[in-house]
Each structure stands twice: as C-alpha cells, then as structure tokens.
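**Q** Could you have a look at this structure, given as structure tokens, before my questions?
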Amino acid sequence: TEANIGNVVEKTTSRLWNAMHRFNPDAEQVVASSGEGSWFTDESGNRFLDGVSGLWCLNLGHGQQEIIDAAAEQMKKLSYSPLTMNHEPAVKLAGKISELLGANYQTFFSNSGSEANETAFKIVRQYHNQTGNPGKFKFISRYRAYHGSTLGALSATAQANRRVKYDPGVPGFLHVYPPYSYRSIFGGEPEESDLKAAQLLEEMINWEGEETVAAFIMEPFISGGGVIIPSPKYIQRVEEICKKYNVLLIMDEVVSGYGRTGEMFGFKHAEGVQPDIVTMAKGLTSGYLPLGATAVKSEIYEAFKEAGKDNHFRHVSTYGGHPAACAVALKNIEIIERENIVDRVRELGKSKLGKLHQLIDHENVGEVRQVGFLLGLEMVTTKQSKVPLDDAKMAEIIGACKKKGLIIGKNGDTVPGQNNVIIVAPPLTSTEDDLDFLVETVDSVIRSL
Ligand code: PMP
C-alpha cells in the first residue's frame, strides 16, 4: 500500500547520511522519486521545479531517452574495460573534449569534480619535477573558491566555513584575494578593482618566490562561493601572469563547462585565453552518470611519455572513465550541439532569467550577478550597509519558494552568517514556461519580504 511505501522511504532516509540536510534541518526532507524535464516529484506526489539543476549538474534535465539508451547499450556491449580507460567511448570522448577546448589536450578521466582537481594537482607537481623545476610545488586559489571535498581539493577551497573542522589542509595551498567587485577593498569600477585583484596574484608569486609556485586554480566564475563574475580582462590578465612565471593555469570548469554560461566553457568568455589544464565533471554527463575529466595541454603531456624514462603518471582510478559514463558524455555533448543549447542559454538567459535583474530595485537585493543560466542575488539588510541578510531570512526565502513548488539554493558560505547569495541555475533545457514560473516565484517571494 502507499502507506507502506511511505514507511520504507522513512526508514531508509533515517539511516541515510545526507550532508545537505543542513539546508533543511527540521525534518520534512524531500525524497525525490521521479523526474521529468526540469521537474521532479517527491514520494508524496508533490512536484518541484529544480531551479538549481540538482547540484548544478542536471543540465539537460530528466528523461533524456537517448542518454539512457547510450548507457544501456554501452553496458551491454562492454560493461568494464580490462584496460581501464582504453576503450572506444573514452578514446572518442578525449578527442571530442580536445576539439571543444580549441587546442590539443590529452584527457585523464576520473569520477567527480574533486577527483578531476586532485588529478590536476598531481599532474602539475610531477610535470614541474620532470621539467627541471622540482621546487615548484605551491598551488594558489582564491578566497571564496570551491574546488571539491577531498583533502587536496578542499585545501584549494578557500571558504572558512567548509574547512574549519578539517584543517589543517594539505601543505602548499595558498589563497589570494578574489575579484569580488561588490565588496572589494579596492573600490572603483568593477573592471579596475578586478585587475587590482589580479595584480595581487602577481605580488603573491613574487613574494613566495616564483621558483616555488606550481599552479593557479580558478573557476572562470566563482559559483559555490556566491556567483562572482569577474570582468573577462581579469581572466586574461591572470593568464598573462601565470605565463610570465611558468605557473600553470588550471581552469575549473566543473560548473561552468558544457553550456551553463552561454559558452561551451566559461573561459571562452575571455578572448584568447587557453588554460594549461581544464577540469570538468557535472555538465559533462548532465549528471546521468558520474564522470570527471582533467584535460591537459599536449605540450605538458609530453613530459610524461619520453621513452625509456620512468616518467609515467602513477595515478589509477578503477572507475575513472567508465565506458557507460563516457558513452553518456558523448551523447550528452551530441545533444548539446545538435539542439544549440549554448545559444539557447545565451538567448533565454537574457530574455527570461534576466528579468530577475529587475529585483535590483528591492532594498534587500544588493547585486544581481548573471552569466547565462548561472545567476546569483546577493541579499543584504539594506543597500547602503551591505550587511549580509541573515540565515533565518535566507531560509525563509528558500522555504517560501519550496512551498510554491520551486527549489533554489543559497550560497556564499564563506564564514558564518555569510550565506547570503540566492542561487538560480535551472536545467539548460528548461522550457520558457518553466523559466517564467521560476522568475515569477522568486520575484514574488522576494517582494513579499
Ligand atoms: N569544482 C567546482 C567548481 C564545484 O562546484 C564542485 C562541486 N560543487 C567541485 C569542483 C567538486 O565536484 P564533485 O562534487 O563532483 O566532487
């Protein structure tokens, strides 16, 4: 009976350790049972529009039959390769990724964004070791960045709140001031203050000693740290600085990759930029199966394959580049290209989601930041004071949207009491009606504050 099914779910969740429960601590947990397009249904039959694409990963929404078939067909054909990543879908996918990135890259596959970044860190250290710079071991990332939950990736993550109970992190990870013009100590126009933030990176490399700095890791747009969108000139300047000091540039495209920002990759917003390493996950498979990827410029890869030398990369992942996950990624990319999803995001990002910019006239909305289908509303008590809106009020907004059938998120999550950015990042295939519903709901909830 239905009552029995409800009981089973209740018992199951009571044994489940879900770290995201903190977003809704007092029971009433939503247990998802089915999904259709951008919507999902809980076990009691309530429908919700998923305004954050799961964890910004469900880019093509639920029920893409071609993706489901691609996974099933691949599992029937070859469920696992005895040679780990040496199988047809991985070879094809690595080729496709290189083509999309616009230069020659070799790709190493893993299972998640955290692993993709861990893999990048190990490649970087070994690369410098094997190219005559063994002293280059330090990684620099920005405050507010999120790069993953495993210890290395968490060490690059620079949000006190997420780290405090697990510190000290891995030695050799340093953090620099972010291009956060809304609250920048530099003041002035956003581009000017962003370029000053870039200058701090150069200062840091000099002060640390360039012979010790291995790589700089950045998202083109800080997502989990509160949707922070620098001017493209910042990204270009950072690349110049990295080149000058032989510091490798790792671009974390875990959230921004595969169309979310209205370009296939976020770094493409900054003309001419070509990162040394690009890490990806999430949108690579639209969340249908787990897959992480670390794409490395072929010049860097050369240092790992000189014949007769023990210089290969000692890094094995049993499930990394699983055949079914790679087949899913290939189909996912095929759909993104065939359906012109990137153009769609650019256009509907402006004409539909962009309507949320009108909320800037509200006293509690400090700034509206948006690139494509990635949008953040920085909530404050007053425009003048810029004091972050408190957690209780933020929870009220999220809860009111949920009551109306819309799931949105909040982030910023740097220090206690600064979780004041509302996150909107719906599936890239959301219908125009879905987007209208999302905008109207967020607008009416905030205006009723
Ligand atoms: N990098 C970024 C920018 C992310 O947002 C995330 C996850 N939210 C990760 C890395 C880690 O990805 P995963 O959760 O798949 O390990």
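**Q** Return the whole-Å distance between the Cα centroid of region 30-105 and the Cα centroid of region 319-393.
**A** If you average the Cα positions of each part, the centres end up 20 Å apart.
**Q** Right, another one. Sort 106-117, 354-365, 315-326 for me by packing, meaning the mean count of neighbouring Cβ atoms within 10 Å per residue, highest on top.
**A** Packing proxy ranking, top to bottom: 106-117, 315-326, 354-365.
**Q** Could I ask something else about it? For every helix of n ≥ 4 consecutive DSSP H residues, a contribution of -39,500 (n - 2.57) applies; sum these over the chain, divide by its total residues, and give [θ] at 222 nm rounded to the nearest 500 deg cm²/dmol.
**A** Roughly -11500 deg cm²/dmol at 222 nm, from the helical runs in the chain.
**Q** Would you mind putting 202-208, 179-185 in packing order, based on average other-beta-carbon counts within 10 Å, highest first?
**A** Sorting 202-208, 179-185 by mean packing, highest first, produces 179-185, 202-208.
**Q** Continuing with this model, one more query. What ranking do GLU378, GLU191 get, fewest neighbouring Cβ atoms within 10 angstrom at the top?
**A** Exposure proxy ranking, most exposed first: GLU191, GLU378.
**Q** LYS244: which lysines have alpha carbons under 26 Å from its alpha carbon, excluding same-chain residues fewer than 8 sequence positions away?
**A** LYS122, LYS136, LYS138, LYS196, LYS233, LYS268, LYS297, LYS305
**Q** LYS393: which aspartates and glutamates have alpha carbons under 18 Å from its alpha carbon, excluding same-chain residues fewer than 8 sequence positions away?
**A** Straight-line reach from LYS393, under 18 Å: ASP26, GLU363, GLU367, GLU378, ASP413, ASP443.
**Q** Also, quick follow-up: Just rank LYS136, LYS96, fewest to most, by other beta-carbon atoms within 10 angstrom.
**A** Listed from fewest to most nearby Cβ atoms, that is LYS96, LYS136.
**Q** Enter the per residue convex hull volume of the chain, computed from alpha-carbon coordinates, in Å³ rounded to the nearest integer.
**A** In the chain, the Cα hull volume divided by residue count equals 152 Å³.
**Q** Please compute the modelled spin-label separation between HIS315 and LEU16, points set 7 Å along Cα→Cβ, answer in nm with one decimal.
**A** 3.2
**Q** So for region 66-338, taking the charge dipole from beta-carbon charges (+1 Lys/Arg, -1 Asp/Glu), which of SER79, SER112, GLY283 sits furthest toward the positive end?
**A** Toward the positive end, the furthest listed residue is SER79.
**Q** Need one number: % antiparallel among DSSP beta bridges in region 66-338, to the nearest 5.
**A** 45
**Q** Counting only C-alpha contacts under 8 Å and six or more residues apart, can you give the relative contact order of region 66-338 as a whole percent?
**A** 29
**Q** Sticking with this one: Using packing as a proxy for protection, rank 280-289, 337-346, 85-94 so that the peptide with the highest average count of other Cβ atoms within 10 Å comes first.
**A** Listed from highest to lowest mean packing, they are 280-289, 85-94, 337-346.
**Q** Which residue, TYR146, PRO168, ALA197, has the largest displacement toward the positive end of the dipole of region 135-197 when charges sit on each Cβ (Lys, Arg +1; Asp, Glu -1)?
**A** Checking the options against the dipole of region 135-197, the answer is PRO168.
**Q** Order these by the 10 Å Cβ neighbour count, fewest first: VAL368, VAL328, VAL164.
**A** VAL164, VAL368, VAL328
**Q** Sticking with this structure for a sec: How would region 226-372 be classified by its alpha-carbon gyration tensor: rounded, prolate or oblate, with rounded meaning a/c under 1.5 and the a/b versus b/c comparison settling the rest?
**A** Oblate, because a/c is 1.5 or more while a/b does not exceed b/c.
Any read-out appearing in this document is the output of simple, stated calculations on the displayed coordinates, not a laboratory observation. Keep in mind it's a predicted model, so treat the numbers as computed, not measured. No Cβ is skipped: glycine too gets one built from the backbone with ideal geometry, and neighbour counts run over all protein chains shown.
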